[in-house]
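**Student:** Quick one: the structure is below, and I'll ask about it shortly.
The values are calculated or read from the model by the stated rules, or taken from the named source; none is laboratory data. None of these values were measured; they are calculated from a predicted model. A quick note on method: Cβ atoms are made from the backbone with ideal geometry, for glycine too, and the neighbour counts reach across all protein chains shown.
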Amino acid sequence: MERAYTWNDGKRLEVTAKTLIMGILNVTPDSFSDGGKWNTEEGAKSHIRDMIDAGADIIDVGAESTRPGSRPLTAEEEKERLKTFLPMVLEESSVPVSVDTYHWKTADDALHAGAHMMNDIWGLQYDYGEMAEVAGCHQVPVIVMHNKADTNYNGDVIEEMKIFFDKSLDIALQAGVKEENIILDPGIGFGKDGNQNMEVLRRLDELVRAFPCPWLLGVSRKRFIGAILDLPAGERDEGTGAAGLWGINKGCSILRVHNVPVAVRTAKVWDALKNRTVI
């Protein structure tokens, strides 16, 4: 599924046979993996430079932790935290910047400030259509993630996810979001227990076939990897790499990661083998 996105500031993003790497910039004090590590201006600047130098294609900036048990921020709290960092991120980044939020007011402010993409962990279903209207108004790529308030599924997890995505796509298209601006994310670690995460990954190709959009996969340092390896979050990058390669093989085009150098290198070798690159 090839796509090309361009912006007025000259930035460009192409979804092709090359796997894209989205580097995570958490400006939060309490994220599960790197909370408090990058929530100063100098720390964030340094991390942005390091990720771009390592080959990141997108920087995804988040102001609210979504780890289990974290306190949700109000839109005003999130906007206040983000406005401290976003202008610097946009100035520092030579690649498109995505804003990770499910609050439409935050997204609207960020896009007016110059952000390039939206990343919504509630798949445009957190509110009454306002988030989709923001995406439609700004005509930017929007990442639509599957999520659920609990882990109770009445039937087959993949079939229920298809129903969710059908609803999200309907909301998006009715709000004027162009189909080519939609990127889907299976939401690993959100509304799923460890075994459900594993099943979704095993059957990811079913979702990719059902919804022929670019797919993003965010498995970086997730709890299910820790359960397999019996390791804390900071020691899960090898497991993240393995799960990421599995996702590429199942049809994902974008990997959202904490450790950009490892992801870039592993994906580059995989892409070379898959695309029969001559060396």
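**Student:** Please enumerate the residues belonging to region 108-120 that are surrounded by fewer than 21 Cβ atoms within 10 Å (Cβ to Cβ) and in a loop (DSSP other than H, G, I, E, B).
**Tutor:** Answer for region 108-120, where residues must be surrounded by fewer than 21 Cβ atoms within 10 Å (Cβ to Cβ) and in a loop (DSSP other than H, G, I, E, B): just GLY114.
**Student:** Here is a follow-up. Given (1) at pLDDT below 90; (2) within 17 Å of the chain's Cα centre (by Cα); (3) not polar (S, T, N, Q), where does VAL99 come up short, assuming only one miss?
**Tutor:** Only one criterion is unmet by VAL99, namely (1).
**Student:** Scan region 105-127 residue by residue and report those that are more than 17 Å from the chain's Cα centre (by Cα) and under 20 Å from GLU179 (Cα atoms).
**Tutor:** Matches in region 105-127: ASP108 only.
**Student:** Please indicate, with yes or no, whether at least one residue in region 151-165 is under 23 Å from ARG12 (Cα atoms), touching a Leu at 6+ places or on another chain (Cβ under 7 Å) and either part of a loop (DSSP other than H, G, I, E, B) or without any contact (Cβ under 8 Å) to a residue 60 or more places away in the chain (or both).
**Tutor:** no
**Student:** Check off (1) assigned to a helix (DSSP H, G or I); (2) surrounded by fewer than 19 Cβ atoms within 10 Å (Cβ to Cβ) for GLU133 and give me the number that stays unchecked.
**Tutor:** (2)
**Student:** Give the number of residues within region 136-153 that are surrounded by fewer than 19 Cβ atoms within 10 Å (Cβ to Cβ) and touching an Asp or Glu at 6+ places or on another chain (Cβ under 6 Å).
**Tutor:** 2
**Student:** Consider region 225-242. How many of its residues are closer than 19 Å to GLU199 by Cβ and crowded, with 22+ Cβ neighbours inside 10 Å?
**Tutor:** 2
**Student:** Right, here's the next one. Considering only region 108-120, I want to know if a residue exists there that is in contact (Cβ under 8 Å) with a residue 12 or more places away in the chain, closer than 21 Å to ASP53 by Cβ and polar (S, T, N, Q).
**Tutor:** Looking through region 108-120, none of the residues is in contact (Cβ under 8 Å) with a residue 12 or more places away in the chain, closer than 21 Å to ASP53 by Cβ and polar (S, T, N, Q).
**Student:** Here's another thing I want to ask about it. State whether the residues of region 181-189 include one that is under 21 Å from PRO72 (Cβ atoms) and in contact with an Asp or Glu (Cβ under 7 Å, 6 or more places away or on another chain).
**Tutor:** So far as region 181-189 goes, no, none of its residues is under 21 Å from PRO72 (Cβ atoms) and in contact with an Asp or Glu (Cβ under 7 Å, 6 or more places away or on another chain).
So that you can scan it fast, the table gives a plain yes or no per residue for (1) part of a loop (DSSP other than H, G, I, E, B); (2) more than 14 Å from the chain's Cα centre (by Cα):
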residue	(1), (2)
ASP170	no, yes
VAL177	yes, yes
ILE183	no, no
ASN195	no, yes
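**Student:** Criterion first (modelled with pLDDT of 95 or more, crowded, with 16+ Cβ neighbours inside 10 Å, outside any loop (DSSP other than H, G, I, E, B) and touching a strand residue (DSSP E or B) at 6+ places or on another chain (Cβ under 9 Å)) does LEU201 satisfy it?
**Tutor:** Yes.
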